[in-house]
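Laboratory data are not the source of any read-out in this text; all were calculated from the coordinates shown. Here the structure is a predicted model, which is why all the values come from computation and not from measurement. Cβ atoms come from the backbone with ideal geometry, glycine included; neighbour counts cover every protein chain shown.
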Amino acid sequence: MRNETARRRLRARIPLAVLLLIIAIIAIPAIRRSILRAAGWALISNEPVERADAIVVTVDADGAGVLEAADLVHDGVATRVAVFGETPDTIVEREFNRRGIAYENEAARSLRQLKSLGIDTVDLIPTYVSGTEDEGPVLAKWCDQHGYRSVVVVSTADHSRRLRRLLHRSMKGHQTRVTAHSARYSEFDPDRWWQSRRGIRTEVAELQKLLLDVVRHPIN
């Protein structure tokens, strides 16, 4: 009970600690740039890509993930690409349909874009996911069903290290080898993230999530 209480207190303090750390780093000009760059690269994982049975695009990868997946196919890494299904927005979809317009969510748009980019085999992973925590178990089950031995999972750069940790946990006990790959077209720049408000927001949010994942799963 005491251990659980201590973990909760630590998790609650992580956002404040991250914010104070970044403020302290910015206030020290002599070492600021090197430390800020290290903090940016701490979010990124880009494992070597080898021939795989399929390429999977995460729900948050958007157009950057679609472009990267298409490039990987054209480079001969795999012949098929899959995207995760999204939780349907029934109110919005119904209103579009009422107005006589076909509704296209992010998953449907990604499928259309992949085909436009010359990808012949495009699959929709039928289980709906709402975020990273859902993707690992769903991917493990989908790979088991298809007998895949290896897949490359494409995400945005800032999200890739935490995704890699989650996927490696989810795939324990399964036959599939998973490679986490960062999309080259991601907007997050680990070498200059502190120069824009969007970059700072991304770094703070993702670093908090990564540190929380390390606290929850110190032995990944």
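Just one residue in the set ILE119, ILE91 is of a type in the set (A, V, I, L, M), free of Cβ contacts under 8 Å to residues at least 60 places away in the same chain, out of contact with any helix residue (DSSP H, G or I) (no Cβ under 8 Å at 6 or more places or on another chain) and not in a strand (DSSP E or B); that residue is ILE91. A single member of THR176, THR156, THR132 is farther than 21 Å from LEU212 by Cβ and either touching a residue at least 40 places away in the same chain (Cβ under 8 Å) or not hydrophobic (A, V, I, L, M, F, W, C) (or both), and it is THR176. In the range 122-152, how many are among the polar types (S, T, N, Q), loosely packed, with under 14 Cβ neighbours inside 10 Å and part of a helix (DSSP H, G or I)? Summing the residues that are among the polar types (S, T, N, Q), loosely packed, with under 14 Cβ neighbours inside 10 Å and part of a helix (DSSP H, G or I) in the range 122-152 gives 1. Residue check: GLN175 meets all listed conditions (1) under 19 Å from ALA140 (Cβ atoms); (2) crowded, with 20+ Cβ neighbours inside 10 Å but one, namely (2). Taken over the range 168-188, the criterion of being within 10 Å of the chain's Cα centre (by Cα) and either more than 22 Å from GLY199 (Cβ to Cβ) or outside any strand (DSSP E or B) (or both) is satisfied by ALA183 alone. Residues being more than 21 Å from ASP134 (Cα to Cα) and crowded, with 16+ Cβ neighbours inside 10 Å: count how many of those fall in the range 80-111. Final tally of qualifying residues: 1.
Does the range 32-58 hold any residues that are under 18 Å from ILE119 (Cβ atoms) and assigned to a loop (DSSP other than H, G, I, E, B), and which are they? Steps first, answer last, please.
Of the range 32-58, the ones under 18 Å from ILE119 (Cβ atoms) are 49, 51-58.
Listed by number, the residues that qualify are VAL49, ARG51, ALA52, ASP53, THR58.
Could you tell me whether THR132 is β-branched (Val, Ile, Thr), within 14 Å of the chain's Cα centre (by Cα) and farther than 20 Å from VAL49 by Cα? Against the criterion (β-branched (Val, Ile, Thr), within 14 Å of the chain's Cα centre (by Cα) and farther than 20 Å from VAL49 by Cα), THR132 qualifies. What are the residue pairs meeting all of these: first residue in the range 135-153, first residue without any contact (Cβ under 8 Å) to a residue 40 or more places away in the chain, second residue surrounded by fewer than 15 Cβ atoms within 10 Å (Cβ to Cβ), Cβ atoms under 6 Å, and 6 or more apart or on different chains? Filtered contacts from the range 135-153: ALA140/HIS174.
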